[in-house]
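Report on the following structure.
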């Protein structure tokens with residue numbers, strides 16, 4: 001039995017040495033050697049006699065050396081999030097988390113086209129495992145919005161909303177979609193929801209204030225801008241917007 005445990009413990013290290021780049025720390029079959037390690041520790045540290053075994057220090061040092069070697073072998077030369085997740089994708093291109101996180105990085109770095117493809121792949125892989133991450137649906141919708149594919153963005157955003165309605169930035173992106181379509185009435189409830197979820201969402205607040213202005217609701221717009229200034233005193237857009245509202249009667253608003 002203990003020889004089997006030893007083989008299980010040595011298998012990950014052997015595979016790493018024979019196949020460089022295999023990231024076993026991130027993969028499921030490292031759990032089996034870990035279970036064997038726990039059995040070994042229990043066997044040598046708490047034997048039937050109730051006294052510590054002489055082999056206990058050897059076992060502990062051996063385990064530490066093995067996992068240290070695994071970590072060193074698997075340590076990729078990443079410098080930032082993009083290189084980190086690119087490495088994970090090279091190691092296992094069917095891991096949806098790696099594909100989706102790489103897509104998030106690409107989207108943040110201004111590459112919506114590549115991010116869109118990665119999000120689609122990540123969602124396809126995740127659905128094979130019978131789950132759908134709403135964060136990746138939101139990212140896909142956002143990428144399609146930036147590409148100008150408004151009709152394709154809406155289903156992804158609405159599906160994300162069905163899974164998790166309070167997802168950060170989801171309401172703001174739905175509002176942005178409807179504003180781009182020229183549908184401010186449909187955008188308004190989403191902007192109000194975005195502001196309720198995050199009082200520091202200045203972009204949503206400014207868009208909502210502009211909608212109130214178009215409706216000639218100057219007092220409501222002014223109250224919203226004042227609340228935004230209290231929450232975000234460093235934002236330079238808000239004082240300018242407020243000055244444009246002060247003293248303006250409702251009938252002059254266009």
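The values are calculated or read from the model by the stated rules, or taken from the named source; none is laboratory data. No experiment lies behind these values; they were computed from the predicted model shown. Please note: Cβ atoms are built from the backbone with ideal geometry, for glycine as well, and neighbour counts cover all protein chains shown.
Within the option set 225, 246, 218, 240, being at pLDDT below 90, more than 30 Å from residue 131 (Cβ to Cβ) and surrounded by 15 or more Cβ atoms within 10 Å (Cβ to Cβ) holds for one residue only, 218. I'd like to know if the stretch 123-130 contains one or more residues that are modelled with pLDDT of 90 or more, buried (at least 17 other Cβ atoms within 10 Å of the Cβ), within 30 Å of residue 192 (Cβ to Cβ) and more than 15 Å from the chain's Cα centre (by Cα). Checked against the condition, which is being modelled with pLDDT of 90 or more, buried (at least 17 other Cβ atoms within 10 Å of the Cβ), within 30 Å of residue 192 (Cβ to Cβ) and more than 15 Å from the chain's Cα centre (by Cα), the stretch 123-130 yields no hits at all. Does the stretch 93-107 contain at least one residue that is out of contact with any helix residue (DSSP H, G or I) (no Cβ under 9 Å at 6 or more places or on another chain), assigned by TED's automatic domain parsing to the domain that holds residue 163 and modelled with pLDDT of 90 or more? Checking the stretch 93-107: not a single residue is out of contact with any helix residue (DSSP H, G or I) (no Cβ under 9 Å at 6 or more places or on another chain), assigned by TED's automatic domain parsing to the domain that holds residue 163 and modelled with pLDDT of 90 or more.
Of all residues in the stretch 140-163, those being in a loop (DSSP other than H, G, I, E, B) and more than 20 Å from residue 103 (Cα to Cα) number 0. Taken over the stretch 99-120, the criterion of being without any contact (Cβ under 8 Å) to a residue 24 or more places away in the chain and buried (at least 18 other Cβ atoms within 10 Å of the Cβ) is satisfied by 101, 102, 118.
Is it true that some residue in the stretch 166-181 is farther than 28 Å from residue 230 by Cα, within 16 Å of the chain's Cα centre (by Cα) and in contact (Cβ under 8 Å) with a residue 24 or more places away in the chain? The answer is no; no qualifying residue exists.
Whether any residue in the stretch 229-249 is closer than 30 Å to residue 122 by Cβ and free of Cβ contacts under 8 Å to residues at least 12 places away in the same chain is what I want to check. No - not one qualifying residue is present in the stretch 229-249.
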